[in-house]
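The values are calculated or read from the model by the stated rules, or taken from the named source; none is laboratory data. Keep in mind the model is a prediction, meaning the values are calculated, not measured. For neighbour counting, all protein chains shown are included, and Cβ atoms are generated from backbone atoms with ideal geometry for every residue, glycine included. We work out accessible area using only protein heavy atoms, side chains counted, and drop any ligands, DNA or RNA first. Shrake-Rupley method; radii C 1.70, N 1.55, O 1.52, S 1.80 Å.
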Amino acid sequence: QGVYFTPDLDYALSYARHTQPKQQAIVIGCNITIFNPYPVCDDHMEGEPIRDHSDAHVAVVRHADNLSTSLPTEPIPPEQWKDATNPIGTPVSMEIVLKEGLNALPRFILVFPHTPKVDRCQRIACL
């Protein structure tokens, strides 16, 4: 429970909803402040409030490129963080859940045109 952030643009875009009628994906870039993060290394924290004495949960997660797939987003243990992908080839990203949005300062808005399949290089070119 909280406000979700990631430094990974592909991961953020997988959650972005397309606006009507222009069919654009919008991502808000923010600076965030974390004073006492709680590291999440397994999925027992899903849906749980931020731990006492912490202001954020931080997890390295595996995720599907497209949320319409049935693959879950799941935290991975620290000993696997160095791996770029999991065994079935899906990306690894960081997920940060802040207790309150007051720890985030919106800095810019990124707008991406809707395309059925856009790879990372094409997305960066849009910037």
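Here are the numbers for the structure shown:
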{"read-out": "Contour minus Cα-Cα distance for MET94 and TYR4 (0.36 nm per residue)", "value": "31.4 nm"}
{"read-out": "Label point distance in nm, THR33-PHE108, each placed 7 Å from Cα along Cα→Cβ", "value": "2.2 nm"}
{"read-out": "Length added when fully stretched, THR19-CYS41, from 0.36 nm per residue minus Cα-Cα", "value": "4.5 nm"}
{"read-out": "Accessible area of LEU102 in the full protein assembly, 1.4 Å probe (Å², nearest 10)", "value": "150 Å²"}
